[in-house]
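Sharing a structure with you now.
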Amino acid sequence: MEYIIIFIAAIFVNNIVLSQFLGICPFLGVSKKVDTALGMSAAVMFVLTIATIVTFLIQKFVLDPFELGFMQTISFILVIAALVQMVEIVLKKVSPALYQALGVFLPLITTNCAILGVAILVIQKDYNLVQSVAFAVATAIGFALALIIFAGIREQLAMTNVPDGMKGTPIALITAGLLAMAFMGFAGIV
């Protein structure tokens, strides 16, 4: 039951993008097409899950025993950067089209504060390894859900008659705010 609560809370109630406002850069930048949003979601899901596992192990077996807690942020950033480089190399070989579609946003996963935020949150919440992985996967699903819904809405907005002053970023920000308010409706679940 505990894992179900973690999943529901991370996906809907405490959505990393819409409630905690982490990962806004890829949320706004890669959400113009659903295909690109799907690719970014998969990349973030992979990096987020692996980064959480690796950073958890580093925290518990290196930083805590040697009392190097002050090195947490820098060591987590280095792990995330290495994982993103690995994903970039794999995507370049496996799916060049997706690699080109993601463009500059793929390296931005390195600085995606959602990934660093989850790595730090699992330590702060004192989760064990299995709970940490469940939280990371659920958070990645919540990120993907928000990104894909937002991309679908933006594709529809591109085909509508939006006033000139609202085209582009203004209507995207208003839409993101409305989407965040919609997710606030889940607040009473957990």
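The values are calculated or read from the model by the stated rules, or taken from the named source; none is laboratory data. This is a predicted model, so every value here is computed, not measured. For neighbour counting, all protein chains shown are included, and Cβ atoms are generated from backbone atoms with ideal geometry for every residue, glycine included. Keep in mind that these areas ignore ligands, DNA and RNA; they rest on the heavy atoms of the full protein, side chains included. Shrake-Rupley method; radii C 1.70, N 1.55, O 1.52, S 1.80 Å.
Under the 0.36 nm per residue contour assumption, what length would be gained going from the current alpha-carbon distance of Lys93 and Lys125 to full extension?
So the extension gain works out to 7.8 nm.
How much length is gained if the chain between Ile4 and Ile174 is pulled fully straight, taking 0.36 nm per residue apart and subtracting their Cα-Cα distance, in nm to one decimal? The partial results should precede the final answer.
Details: separation 170, 0.36 × 170 = 61.20 nm, distance 3.16 nm.
That pair, Ile4 and Ile174, stretches by 58.0 nm at full extension.
Would you mind checking region 114-135 for residues with the amide N under 19 Å from a putative spin-label position 7 Å along Cα→C-beta of Asp64?
Backbone N within reach: 117-135.
To the nearest 10 square angstrom, how much accessible area does Met86 have with a 1.4 angstrom probe?
Approximately 90 Å² for this residue.
Let me ask another. Evaluate region 64-131: find the radius of gyration of its Cα atoms, find its Kirkwood radius, and give the ratio Rg to Rh.
Radius of gyration over Kirkwood radius for region 64-131 works out to 1.08.
Mind jotting down a quarter of the surface of the convex hull over the alpha carbons of region 57-96, in square nanometres, one decimal?
Mean projected area of the Cα convex hull: 3.0 nm².
How far is helix 169-184 tilted, in degrees, relative to the longest principal axis of the Cα atoms in the chain, given as a value from 0 to 90 rounded to the nearest 10?
60
Please get the size of the charge dipole for region 60-139, origin at its Cα centre, with Cβ charges of +1 on Lys and Arg and -1 on Asp and Glu, quoted in debye to the nearest 20.
Its charge dipole is roughly 260 debye.
Residues of the chain: accessible area per residue at 1.4 Å, in Å²?
Details: 9670 Å² over 190 residues.
Accessible area per residue, the chain: 51 Å².
Starting from the Cα of Lys125, draw a straight line to each of the lysines and keep only those under 23 Å, dropping any in the same chain fewer than 8 residues away.
Lys125 reaches Lys60.
Can you give the accessible area of Ile141, probe radius 1.4 Å, in Å² rounded to 10?
For Ile141, the solvent-accessible surface is approximately 60 Å².
I'd like the accessible area for Leu102: 1.4 Å probe, protein heavy atoms, all chains in place, Å² to the nearest 10.
In the full protein context, Leu102 sits at about 0 Å².
Treating the angle as unsigned and between 0 and 90°, give the value, to the nearest 10°, between the Cα long axis of helix 129-158 and the longest Cα principal axis of the chain.
The helix 129-158 is inclined about 10 degrees to the chain.
A further question on this structure: In what order, largest first, do Lys93, Lys125 sit by accessible area if the probe radius is 1.4 Å?
Numbers: Lys93 170, Lys125 90 Å².
Largest accessible area first, the list is Lys93, Lys125.
To continue, here is another question. Please list the equivalent ellipsoid semi-axes of the chain, computed as the square roots of five times the alpha-carbon gyration tensor eigenvalues, in descending order and whole angstrom.
30, 21, 13
Continuing with this model, one more query. Going by alpha carbons, how many degrees (0 to 90, nearest 10) lie between the helix axis of 34-58 and the longest principal axis of the chain?
10
Still on this structure, I have one more. Quick one: compute the contact order of the chain, relative version, from alpha carbon pairs under 8 angstrom and 6+ residues apart, as a percent.
On the way: 207 pairs, mean separation 84.3, N = 190.
Relative CO of the chain lands at 44 percent.
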